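Q: Below is one structure. I have some questions about it.
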């Protein structure tokens with residue numbers, strides 16, 4: 001067994017252990033941390049399989065953004081673990097049936113193989129080109145229309161999510177951007193001219209001290 005095979009078995013074993021701990025950990029924060037470990041090991045396996053683009057995408061998108069967001073959400077929410085455990089054994093038979101069905105389907109696919117899927121001629125890559133370059137050529141040549149359709153769908157979904165969550169509150173102190181653009185300096189600022197120094201009035205005589213005492 002060479003070093004590559006040894007690393008493959010090592011990463012796969014850690015991946016299986018982390019995936020098992022994701023569904024068996026009692027603390028949600030620990031489950032998210034184990035999920036991050038599982039994704040990192042999957043990225044390492046993809047690197048061994050020379051799928052560099054998928055490995056980097058998994059690290060940047062999931063480990064760098066999605067799982068960090070999950071971790072913040074789980075830590076900020078007041079999650080009651082005891083309340084989540086109630087009714088577990090009630091729904092366990094249905095969950096076990098669905099899990100067994102999915103496992104049987106995956107086993108049938110893996111044992112039977114992917115038949116009828118011939119490798120296209122354009123996917124053949126010589127030694128001078130990397131997998132990332134070949135994937136980029138396929139995405140922007142033969143699969144350009146599906147990529148554009150997916151980009152439009154994601155853009156519509158993002159705009160719809162913003163439109164659904166955007167609510168104008170009555171007590172909001174937001175300022176209209178158009179009013180800020182139309183503002184002029186002379187409407188907001190008024191410059192008044194004052195003398196720098198002011199001399200004392202010489203025409204008014206000063207009161208004598210005795211007069212001040214009588215007044216007091």
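Q: Which pairs do you get when a residue that is outside the structural domain of residue 33 (by TED's automatic domain parsing), found in the stretch 52-72, comes within reach of a residue that is at pLDDT 85 or above, reach meaning Cβ atoms under 8 angstrom, with the pair 6+ apart or on two chains?
A: Going by the 8 Å Cβ cut-off, there are no qualifying pairs.
Q: Taking residue 56 as the residue in question, decide whether it is at pLDDT 85 or above, part of a helix (DSSP H, G or I) and under 21 Å from residue 14 (Cα atoms).
A: yes
Q: Among the residues in the stretch 46-60, are any buried (at least 17 other Cβ atoms within 10 Å of the Cβ) and either farther than 27 Å from residue 130 by Cα or under 17 Å from the mean Cα position of the chain (by Cα) (or both)?
A: Looking through the stretch 46-60, at least one residue is buried (at least 17 other Cβ atoms within 10 Å of the Cβ) and either farther than 27 Å from residue 130 by Cα or under 17 Å from the mean Cα position of the chain (by Cα) (or both).
To keep it simple, each residue is scored yes or no on (1) buried (at least 17 other Cβ atoms within 10 Å of the Cβ); (2) assigned to a helix (DSSP H, G or I); (3) touching a strand residue (DSSP E or B) at 6+ places or on another chain (Cβ under 9 Å).
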site	(1), (2), (3)
13	no, yes, no
17	no, yes, no
26	no, no, no
43	yes, yes, no
62	yes, yes, no
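Q: Those residues that are surrounded by 10 or more Cβ atoms within 10 Å (Cβ to Cβ), at pLDDT 75 or above and either more than 20 Å from residue 55 (Cα to Cα) or in contact with a strand residue (DSSP E or B) (Cβ under 7 Å, 6 or more places away or on another chain) (or both), I need them from the stretch 107-139; list them, please.
A: 107, 109 - these are the residues of the stretch 107-139 that are surrounded by 10 or more Cβ atoms within 10 Å (Cβ to Cβ), at pLDDT 75 or above and either more than 20 Å from residue 55 (Cα to Cα) or in contact with a strand residue (DSSP E or B) (Cβ under 7 Å, 6 or more places away or on another chain) (or both).
Q: Continuing with the same structure: If the Cβ limit is 8 Å and pairs must be 6+ apart or interchain, which residue in the stretch 146-175 that is in a helix (DSSP H, G or I) pairs with which residue that is modelled with pLDDT of 75 or more?
A: Cβ pairs passing all conditions: 147/139; 147/140.
The values are calculated or read from the model by the stated rules, or taken from the named source; none is laboratory data. Since the structure is predicted, the reported quantities are computational estimates derived from the model, not experimental observations. Every residue, glycine among them, receives a Cβ derived from its backbone with ideal geometry; neighbour counts consider all protein chains shown.
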